[in-house]
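Colleague: Please read through the structure below; I'll follow up with questions.
The values are calculated or read from the model by the stated rules, or taken from the named source; none is laboratory data. Here the structure is a predicted model, which means the values were calculated and not measured. No Cβ is skipped: glycine too gets one built from the backbone with ideal geometry, and neighbour counts run over all protein chains shown. The protein model used for the area step is the full one, side chains on, heavy atoms only, and it has no ligands, DNA or RNA in it. Shrake-Rupley method; radii C 1.70, N 1.55, O 1.52, S 1.80 Å.
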Amino acid sequence: LELVTDGVISHTLQILVQGCELEQLCMFLRSCIQSFAVIAMDKFGSHVAEAALKALATHLEDDTSRVIVEEILNRICKVIAADATNVMCSCYGSHVLRTLLCLCKGVPFDSLQDFHMTKRSAVLAERLSGGSSRPGDQNLTSFQHGFPDMFKTFVRQMLQNAKNDISTLLTEKNSSLVLQTVLKLSAGDDDELNHIIAVLLGYDEDDTAQKKDYSEQKNKIVALLEDTAYSHLLEVIIDVAPEELRSNMLIGTLKGALFAISSHHCGNYVVQALISSAKTADQSSVFSWQMKQIWEELGPNIKELLELGKSGVVASILAACQRLETNRLEISEALSAALTSDSEPSDSIVAHILFLENFLREKSYWKWPLGVKMSVLGCLMLQSIFQYPHQYIRQYVASLLALDNDQILQIAKDPGGSRVLEAFLCSSATTKRKFKVFAKLQGHYGEIAMNPSGSFLVEKCFTASNFSHKEAIVSELLAMQNELSRTRHAIHLLKKLDVDRYSRRPDQWRAAQTSKETTQREFQAEFGLNNSKPVGQSIEELFSPQSPAKKRKQKEKTDKTTTADAGTTKPESFQKNTKGQKSAKAMSEGESSSKKPVSMPFLNDGGKRKSPGFLSDKPIPKKQKHERPSDGRRFVGDGSSVGTPFVRHNVKQKQSIAELAALAGKDKLTAGEVRKLLKPEISAKGA
């Protein structure tokens with residue numbers, strides 16, 4: 001104990017426990033196990049204790065070692081549980097205790113930080129992105145090397161021994177972090193969660209929380225929400241609580257107090273968590289009544305919430321209305337009314353949202369500011385709004401179109417603003433309106449691409465544009481190729497748009513783009529995607545399972561794959577297949593002899609009709625189910641009698657729609673991709 005708590009020697013011991021064998025490590029822990037609680041609460045000893053626990057975690061995969069580790073952990077848990085209150089409230093002991101809980105549960109070493117504490121920015125991003133996962137949703141499958149029974153026993157012993165001090169633990173910063181970790185690690189285990197939450201909310205531990213009348217605790221809970229530590233704890237409770245328990249909390253505890261709680265600087269985060277608790281539209285039947293109650297209390301107070309600086313609550317409502325597909329017209333009109341007055345033109349709404357905090361601060365004398373970063377929450381609101389059906393967002397589209405060229409360019413250069421334009425490009429607004437925005441960006445694509453976020457916008461513009469506009473974009477990038485090649489983010493853009501080939505062989509670049517467009521049209525015709533592909537998304541993006549954030553990170557990586565020339569390396573079988581599908585192509589393009597074929601999204605005919613590449617006004621289905629072609633058409637064929645249809649039930653590893661879509665959308669195929677494409681046919685011939 002003396003050595004471990006010494007300021008100098010503790011550093012040496014920390015290094016020793018990290019590198020010693022399991023037998024020596026266990027011998028060291030046994031020698032100081034009765035003093036482990038004191039060591040954990042010491043400024044220097046806590047580092048040694050945590051290093052020892054992490055060293056134990058490295059031996060969990062070996063079955064023989066697990067028995068020894070389990071015995072040591074059992075003894076440590078009993079010592080810590082006996083003095084749970086003091087350890088939890090200690091700034092050093094709290095950290096060690098959270099590591100011990102993660103070790104008992106079997107949290108992978110590289111995921112420890114996720115359960116120690118949560119970044120507020122990460123929480124906000126998850127709530128507004130519409131993600132369907134809750135903290136710990138993957139626990140049951142990813143925690144393979146833990147001791148679940150030991151974890152449950154340890155948690156129950158801690159709560160039992162600290163029962164008399166629960167009110168203190170709820171409002172103390174360090175103990176609140178421990179309880180948050182316990183809740184996250186227990187996510188998915190409804191019985192344990194009901195027990196833990198019942199104890200934390202002040203009920204008898206033998207009664208489950210969902211059977212209790214929350215009204216008796218309402219005043220106490222609402223008062224405690226003014227405390228930062230308690231509000232963070234209640235956020236986690238709402239995130240992980242079983243559905244019935246969460247519903248009862250809304251009805252019994254928070255009903256009638258949502259606006260008061262939303263107005264508080266801590267409590268408003270709890271309301272955001274409650275609003276975001278329903279994650280997907282699939283759950284709308286279960287949660288629509290909850291959203292109805294939330295809207296009844298908060299809907300009439302949108303303007304007051306904004307004036308109080310609680311924009312996060314409004315942003316959460318906007319996102320929830322889209323997920324649940326309810327109250328979208330009401331919230332869009334309420335937001336517009338809150339940010340515009342009778343004396344102001346209605347087309348100022350987008351400008352006010354882009355600079356939300358700045359506008360709310362200055363109001364009557366506000367003018368469009370230059371050189372000011374746009375509001376993060378305001379940009380997130382507009383991204384949510386542009387996901388709404390077009391009939392609900394006409395005023396927002398008109399407001400965006402009313403901005404002049406310099407203002408649109410400023411939006412494109414801003415990190416948040418560029419994402420707003422991307423969202424508008426993928427919205428259900430008409431082709432003609434979208435073209436007006438992109439016409440204002442012409443001549444500035446190279447300038448926009450110099451910004452990291454702007455490069456994504458340029459790529460989205462390229463994907464959504466017609467052939468002539470694509471060539472104009474590449475020409476602008478070529479003019480600034482030297483400057484762009486010096487930036488990390490633009491290297492990928494130059495390679496993705498094949499600017500180098502355009503500079504050397506423009507005719508070959510045009511041929512490659514024409515080939516890609518033809519392939520995409522045929523793929524759309526084959527799978528009925530003409531009216532469902534969002535604007536600005538290629539075929540491979542439409543079927544990709546990755547989230548937008550992951551796509552952005554992936555785009556930043558340098559593509560190391562060596563590719564061949566599209567004009568010379570296309571498989572002969574693929575070319576023949578294209579010929580074999582001419583009838584389908586003719587059906588999709590040759591509607592009448594007097595009409596020109598429409599190939600890409602941008603207008604060639606004054607915007608009188610929508611082209612196949614643009615999103616229709618109908619909502620996008622989440623999944624596309626594709627049936628096997630009834631005409632026996634083969635995706636890869638060599639003209640012989642032996643071929644492989646697009647779907648073969650005797651092929652063990654079927655190619656997914658996403659993989660085929662990715663290959664169909666490429667103008668270059670590596671040797672490996674060619675083999676992958678031909679694999680079913682080769683297998684059939686070998687048989």
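Colleague: At a 1.4 Å probe radius, which order do Asp342, Asp239, Asp406 fall into by accessible area, largest first?
Modeller: Ranking Asp342, Asp239, Asp406 by accessible area, largest first, yields Asp342, Asp406, Asp239.
Colleague: Also: Please state the relative contact order of region 308-434 as a whole percent: Cα pairs under 8 Å, 6+ residues apart?
Modeller: Taking the mean separation of contacting Cα pairs over the length of region 308-434, I get 27 percent.
Colleague: Can I ask one more? How far apart, in nm, are two points set 7 Å out from the Cα along the Cα-to-Cβ line at Ala479 and at Lys163?
Modeller: 7.7 nm
Colleague: In addition: Multiply the residue gap between Thr487 and His145 by 0.36 nm, knock off their C-alpha separation, and tell me the result in nm, one decimal place.
Modeller: 118.7 nm
Colleague: Within a Cβ distance under 13 Å of Lys43, other residues only, what is the Lys/Arg minus Asp/Glu net charge?
Modeller: Cβ neighbours under 13 Å give a net charge of -3.
Colleague: Moving on. Of all GluC sites (Glu not before Pro) in region 5-103, which ones are in loop regions per DSSP and have a Cβ with at most 13 other Cβ atoms within 10 Å?
Modeller: Glu21, Glu61
Colleague: If the chain between Gln34 and Arg510 were fully stretched, how many nm would it gain, using 0.36 nm times the residue separation less the Cα-Cα distance?
Modeller: The span from Gln34 to Arg510 would gain 163.7 nm if fully extended.
Colleague: Then there's this: Residues in region 33-74, backbone N under 11 Å from the label point at Cys20 (7 Å along the Cα-to-beta-carbon vector): list them, ranges by number please.
Modeller: 52, by backbone N distance to the label point.
Colleague: When the Kirkwood radius is taken over all Cα pairs of region 1-46, what Stokes-Einstein diffusion coefficient follows at 25 °C and 0.890 mPa s, in µm²/s?
Modeller: Roughly 230 µm²/s, to the nearest whole number.
Colleague: Another question, then. Give, in nm to one decimal, the length gained when the segment between Asp500 and Ile9 is fully stretched (0.36 nm per residue of separation minus the Cα-Cα distance).
Modeller: That works out to 170.7 nm of additional length.
Colleague: Stick to Cα atoms and the Kirkwood definition of Rh, then tell me Rg/Rh for region 217-327.
Modeller: 0.93
Colleague: May I pose another question? What are the ³J(HN,Hα) couplings of region 382-391, residue after residue, when phi is run through the Karplus curve with 6.51, -1.76, 1.60 and θ = phi - 60°? Round to Hz, x for glycine and proline.
Modeller: For region 382-391, the Karplus curve yields 5, 4, 5, 4, 6, 8, 6, x, 4, 5 Hz.
Colleague: Per residue of region 30-45, in order, report the coupling 6.51 cos²θ - 1.76 cosθ + 1.60 (Karplus, θ = phi - 60°) as ³J(HN,Hα) in whole Hz, putting x for Gly and Pro.
Modeller: Couplings: 5, 5, 10, 5, 5, 9, 5, 5, 5, 4, 5, 8, 8, 4, 9, x Hz.
Colleague: Follow-up. What does the highest-first list of 328-335, 84-91 look like by mean Cβ count within 10 Å?
Modeller: The packing order, highest mean first, is 84-91, 328-335.
Colleague: To continue, here is another question. State in Å² the accessible area per residue of region 217-327; use a 1.4 Å probe, count heavy atoms of protein chains only, and round to the nearest integer.
Modeller: Per residue, region 217-327 has 34 Å² of solvent-accessible surface.
Colleague: With a 1.4 Å probe and every protein chain kept in, tell me what percent of the accessible surface of region 217-327 is carbon plus sulfur.
Modeller: The nonpolar share, carbon plus sulfur, comes to 49 percent.
Colleague: Considering only protein heavy atoms, what is the solvent-accessible area of Val420 at a probe of 1.4 Å, reported in Å² to the nearest 10?
Modeller: So the heavy atoms of Val420 present about 0 Å² to solvent.
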